[in-house]
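The values are calculated or read from the model by the stated rules, or taken from the named source; none is laboratory data. This one's a predicted model, so the numbers in the text were calculated from it and none came from an experiment. Counting neighbours? That spans all protein chains shown, and the Cβs are built from the backbone with ideal geometry, glycine included. Just so you know, the surface numbers come from the protein's heavy atoms only, side chains and all, with ligands and any DNA or RNA stripped out. Shrake-Rupley method; radii C 1.70, N 1.55, O 1.52, S 1.80 Å.
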Amino acid sequence: MPAFDEFRPLDEKSLVEYIKATPNLSSLLGVSDNYQIKEVGDGNLNFVYIVVSSSASLVIKQALPYIRCIGESWPMTKDRAYYEAKALKEHGRLCPAHVPEVYHFDRNMSLIGMRYLEPPHIILRKGLIAGVEYPLLAEHMAEYMSKTLFYTSLLYTTTMEHKREVAEFCGNVELCRHTGQVVFSDPYKVSEYNHWTSPHLDHDAEAVREDNVLKLEVAQLKSKFYERAQALIHGDLHTSSVMVTQDSTQVIDPEFSFYGPMGFDIGAFLGNLILTFFAQDGHSNQENDRKTNFMQELFHDSLGFGSAKMIRRIVGVVHVEDTESIADISKRADCERKALNFAKMLMKERRKFVSIEEVISIIEHVAS
Ligand code: ADP
Ligand code: SR1
Ligand code: MG
């Protein structure tokens, strides 16, 4: 039997040996040669295997030392799995209803074993693109964000505990730097990885690079992202980091977690919902009161980070299925331009907004 005390990338075959050699997993699944194993990683970074035995099931996620959707030319520490497991456990402790349970973590192998979110769970982004309504989603996400953000902030924890955790998650610096680059820097300058719907948005992408007011705003957001250790944030809370059914909402994939500004998570989620909204036009002919200064700042941070997340998905490195799946390229460009112009306005004017209703009313106005 091979030893797994040193890192090696697994595949569907060697995973069987790994499970048999790992009591945590084999006791859960039962020892067998007949596991059904399927690699389903449709995310950007890692390898995800669904493992089903005659008595149980689980998911195995392994990080390799590079970004899967780009390839070995863009290295990224495989120790991101350590921070993902740690955040899943901590957020799961604070909000067990909306975070999958971690059964096993192996740092040498950069490997996590967790609950399999069985069908009919699907990735939220896919449900939204298909026009499915999720009546409990807002309530569930509000519960997830309020619990994970409030209870890991100094609004709740002691200074000693907070500083200790901040220091621990500082170790995830490489992933923070990645976000700093792809969200707050690259979309605003010429970068080898940027792309957009061309030639339709050539001028729009150039306008982003030349908009000094926008660049000043994104520089302020970037500095807050790096400097404000407010709470243990998920760090990549877009709509593909949430799996849903009509009754269940589960937040996965917190490998970008660190102590950062709460508004970054809230903004990531809102920004991605707004992108989905703007992309809907491109799919339509197919089948298918602030109370305190704290809340005011949190709201404005969320709008700022949300708009930064939208801009990167239109002129930055990796785009999203909402827009990429629009087959008609000029329709896609129209949707993207509307979303881009809205996001630029939102970043610059965010401090003037007092409620989400105002944001929604402008979105509806722009879209009509
Ligand atoms: P990445 O870090 O590469 O973005 P994700 O954590 O987003 O990886 O997972 C990639 C895909 O694997 C998801 O889109 C989902 O389809 C599937 N997946 C991940 N975790 C689970 C889980 N616990 N249960 C069921 N499917 C999962
Ligand atoms: C190369 S950028 C890949 C992106 O996928 C993840 O979901 C993060 O958002 C990251 O920036
Ligand atoms: Mg993902």
Do we have any residue at all in segment 192-211 that's in contact with a Gly (Cβ under 7 Å, 6 or more places away or on another chain) and either acidic (Asp, Glu) or not assigned by TED's automatic domain parsing to the domain that holds Asp79 (or both)?
yes
Near pairs, Cβ below 8 angstrom, 6+ apart or cross-chain, from segment 339-360 (under 19 Å from Gln220 (Cα atoms)) to any residue that is of a type in the set (Val, Ile, Thr) and open to solvent by 60 Å² or more (accessible area, probe 1.4 Å):
Lys348/Val213
Near pairs, Cβ below 7 angstrom, 6+ apart or cross-chain, from segment 1-29 (β-branched (Val, Ile, Thr)) to any residue that is open to solvent by 70 Å² or more (accessible area, probe 1.4 Å):
Val16/Asp33
Residue that is within 16 Å of Val208 (Cα to Cα) and of a type outside the set (D, E, K, R), where the choices are Ala308, Ala279:
Ala308
Return a yes/no flag: does segment 227-247 have any residue that is within 23 Å of Glu349 (Cα to Cα) and more than 12 Å from ligand 2 (Cβ to nearest atom).
yes
Those residues of segment 48-99 that are open to solvent by 50 Å² or more (accessible area, probe 1.4 Å) and within 16 Å of ligand 2 (Cβ to nearest atom) come to a total of 8
Single condition His91 does not satisfy, out of (1) in the same structural domain as Leu149 (by TED's automatic domain parsing); (2) closer than 21 Å to Asn44 by Cβ; (3) more than 12 Å from ligand 1 (Cβ to nearest atom):
(1)
Those residues of segment 229-261 which are of a type in the set (Asp, Glu) and within 13 Å of ligand 3 (Cβ to nearest atom), in sequence order
Asp236, Asp253, Glu255
Listed residues Gly171, Gly131, Gly180; which is at pLDDT below 95 and not β-branched (Val, Ile, Thr)?
Gly131
If you check every pair at least six apart or on different chains, which have Cβ atoms under 7 Å apart with a residue in segment 182-209 that is farther than 18 Å from Ala308 by Cβ first and a residue that is small (Gly, Ala, Ser) and in a helix (DSSP H, G or I) second?
Thr197/Ala333; His200/Ser330; His200/Ala333
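Take the residues of segment 140-168 that are charged (D, E, K, R) and under 19 Å from the mean Cα position of the chain (by Cα): which is farthest from Ala231 (Cα to Cα)?
If we take residues in segment 140-168 being charged (D, E, K, R) and under 19 Å from the mean Cα position of the chain (by Cα), then Glu143 is farthest from Ala231 (Cα to Cα).
Kindly state which helices (runs of 4 or more DSSP H) lie completely within segment 262-357 and contain at least 2 residues that are open to solvent by less than 70 Å² (accessible area, probe 1.4 Å) and within 16 Å of ligand 3 (Cβ to nearest atom).
In segment 262-357, 262-283, 293-315 are the helices (runs of 4 or more DSSP H) which contain 2 or more residues that are open to solvent by less than 70 Å² (accessible area, probe 1.4 Å) and within 16 Å of ligand 3 (Cβ to nearest atom).
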Residues being among the small types (Gly, Ala, Ser) and touching a Leu at 6+ places or on another chain (Cβ under 7 Å) - total across segment 93-119:
1
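Which one of these is more than 22 Å from the chain's Cα centre (by Cα) and either of a type in the set (Lys, Arg) or within 25 Å of Arg68 (Cβ to Cβ) (or both): Lys309, Lys344, Lys338?
Going through Lys309, Lys344, Lys338 in turn, the sole match is Lys338.
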Which one is nearest to ligand 3 (Cβ to nearest atom), of the residues in segment 23-47 that are surrounded by 13 or more Cβ atoms within 10 Å (Cβ to Cβ) and under 27 Å from Glu72 (Cβ atoms)?
Gly43
